[in-house]
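In what follows, a structure is listed as structure tokens, so that the remarks can point back to it.
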Amino acid sequence: MTQQADLVVIGGGPGGYEAAIRAAQLGLSVICIERRVHKGKPSLGGTCLNVGCIPSKALLDSSHKYHDLKAGYDNHGISTGEVKLDLAAMLARKDKVVDQLTGGIAQLLKGNGITWLQGSGKLLAGKQVEFTPLEGEVQILQAKHVILASGSEPVQIPVAKLVDDVVVDSTGALEFQIVPKRLGVIGAGVIGLELGSVWARLGSEVIVLEAVDQFLPIADRAIAKETQKILTKQGLDIRLGARVTGTQVANGQVTVSYTDANGEHSEVFDKLIVAVGRRPVTAGLLSSDSGVSLDERGFVAVDDQCRASVPGVFAIGDLVRGQMLAHKAMEEGVMAAEIMAGHHAQFNYDLIISVIYTHPEVAWVGMTEERAKAEGFDVKTGQFAFAVNGRALASDDNQGFVKFVADAKTDRLLGMHVIGPAAGDIIHQGLIALEFGASVEDLQLMCFAHPTLSEVVHEAALAVDGRAIHAIQRKRK
Ligand code: FAD
Ligand code: AMP
């Protein structure tokens, strides 16, 4: 007998599982199909929980602790003994965090009455879904609505084919069993910088090869410049305009050839991480008569509310246009579930936070100064450093600054940019302010607690009009 459901979700990553839960909360019967097997066990949570956001942050935190301890706390009056690295234990802790969270998602689905089918889903015509279990026979499901949430996978480039544990993608870079002496990273995007930082803190000599001439082209220029300066000081050798043209593996090492403005070069590494972007997973997802169209870049084509080209079929997350971020996938999933349950829902694509979890963290929301100018705004900006912030100094973590971009004509905030301690959390103040259409003056008039890192946010807002208190400013108002 054909199994029926109000909603079939294909893919149990952050987009898919949040969509499934929201739809179940709204009274729909939901089936979620997920085929991932992680370390021998079927696993929900997608890229994010298994091989993305969470394991990378676990290793970023562990490696940061190791690096800090190794540098010593003498200035705090604390002396430690010899600091030793047990990489196997560090990796095991990461796996435990992943297990706890993926197990939690399974509980959440169960608790919400959602059926998790372990295997692959394929959309057929007429909102039927072919389900191929990990073990057993193919079944056909009939759905009233379908959400496609199959996510993304690392881009592979012919000049750097993956080889065992020597030339790896982001997933392999979470599993090195020894700290490579020399580590190459292709791509200075968010993933390359985060994973490069992990291994640099654990002792690798890291060279990052980036084809584009500009560092972090998507970030505000002031933030990108400061990030490059700080990461370079930390030991990441970031080579811009360096296009990898070939790799050769021999005797457990890899020789990487690249070209830059000065000609051809090569470097020998113990390991190489290929972090050149991700692409949507569409292979085997759609039958030829499913009616769902792809766009020119291979993503499932959707409107602003994630409707695909077949009525009742939605697509979300990394599978569709826009930034490949877990929180974007989650909000799209919730939006799609609400729309199919008959509610009005939309989501502000102009205000998606970006975070790079280096140390210090880098985060932004809204427009960069460059984009605001390009869009014709009469721009004013304000910037304030963590260097003189009491809380940042007290905790010995005072690099970076907060920058606001605002419309000089109306005083409305256009963007917030942070490099500094807890930037990934502090940035939410900008999200809320921008979402509510705040002016710079609104922030200036608020009373921020002392001593906090957030006082830098207040001072940066004051600095827009030359009014920062803990700085000697020339423009006065
Ligand atoms: P996915 O998480 O990719 O989930 C899709 C799931 O669908 C997969 O588990 C897959 O097995 C399954 N699937 C695919 N096809 C089928 C099928 N036919 N049938 C059944 N199942 C199928 N984002 C952030 O916001 N913050 C971060 O800090 C961050 N760090 C990252 C670090 C790394 C190293 C990586 C690789 C990514 C990181 N990301 C981060 C990106 C984030 O992981 C993705 O944006 C997010 O997981 C996308 O969610 P999704 O639900 O669209 O897809
Ligand atoms: P992202 O898409 O943000 O993950 O970043 C991936 C980065 O990899 C981009 O900045 C690309 O320019 C870079 N990249 C892609 N191919 C190459 C290559 N052959 N050599 C060096 N860098 C590359």
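Summary of values
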quantity: Under 12 Å, Cβ to Cβ, from residue 172 - net charge with Lys/Arg +1 and Asp/Glu -1; calculated: -3
quantity: Burial order of peptide ranges 341-349, 6-14 (average beta-carbon count within 10 Å, highest first); calculated: 6-14, 341-349
quantity: Point-charge dipole on Cβ atoms (K/R +1, D/E -1) for the stretch 124-255, about Cα centre, debye to 20; calculated: 540 debye
quantity: Whole-angstrom gap from the stretch 303-334 to the stretch 374-404, using each part's C-alpha centre; calculated: 34 Å
quantity: Tensor-based shape of the chain (alpha-carbon gyration tensor, a/c under 1.5 rounded, otherwise prolate or oblate); calculated: oblate
quantity: Cα-only radius of gyration and Dmax that characterise the stretch 1-159, units Å; calculated: 20.6, 71
quantity: Whole-Hz ³J(HN,Hα) from phi, Karplus 6.51 cos²θ - 1.76 cosθ + 1.60, for the stretch 42-50, glycine and proline x; calculated: x, 8, 8, x, x, 4, 3, 7, 8
quantity: Shape call, the stretch 236-395: gyration tensor on alpha carbons, a/c limit 1.5; calculated: oblate
quantity: Neighbour net charge for residue 44 - beta-carbon separation under 13 angstrom, K R +1, D E -1; calculated: +1
quantity: The chain: calculated mean residue ellipticity at 222 nm from DSSP helix runs of at least 4, using -39500 (n - 2.57); calculated: -9000 deg cm²/dmol
quantity: Mean separation of Cα contacts under 8 Å, 6 or more apart, over the residue count of the chain: relative contact order %; calculated: 14 percent
quantity: For residue 205, distant residues with modelled amide H under 5 Å away; calculated: 182, 183
quantity: Alpha-carbon centroid distance for the pair the stretch 150-217 / the stretch 11-68, whole angstrom; calculated: 22 Å
quantity: Span-like helix ranges in the chain, DSSP H, alpha carbon extent 30 angstrom or more, Kyte mean at least -0.5; calculated: 87-111
quantity: For the stretch 344-352, Karplus couplings with θ = phi - 60° (6.51, -1.76, 1.60), whole Hz, Gly/Pro x; calculated: 8, 8, 8, 9, 7, 5, 6, 10, 10
quantity: Gyration tensor verdict on the stretch 360-463 (Cα atoms; rounded if a/c is under 1.5, prolate if a/b is larger than b/c, oblate otherwise); calculated: prolate
quantity: Loop trypsin sites (Lys or Arg not before Pro), the stretch 81-146, which have at most 15 other Cβ atoms in a 10 Å radius of their Cβ (DSSP); calculated: 84
quantity: Cα-centre dipole for the stretch 360-463 with unit charges at Cβ (Lys and Arg positive, Asp and Glu negative), debye to 20; calculated: 140 debye
quantity: Karplus-derived HN-Hα couplings along the stretch 164-170 (A = 6.51, B = -1.76, C = 1.60, θ = phi - 60°), whole Hz, x at Gly and Pro; calculated: 6, 9, 9, 10, 10, 9, 4
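Laboratory data are not the source of any read-out in this text; all were calculated from the coordinates shown. Please read these numbers as outputs of a predicted model, since none were measured by experiment. Cβ: placed from backbone, ideal geometry, glycine included. Neighbour counts: every protein chain shown.
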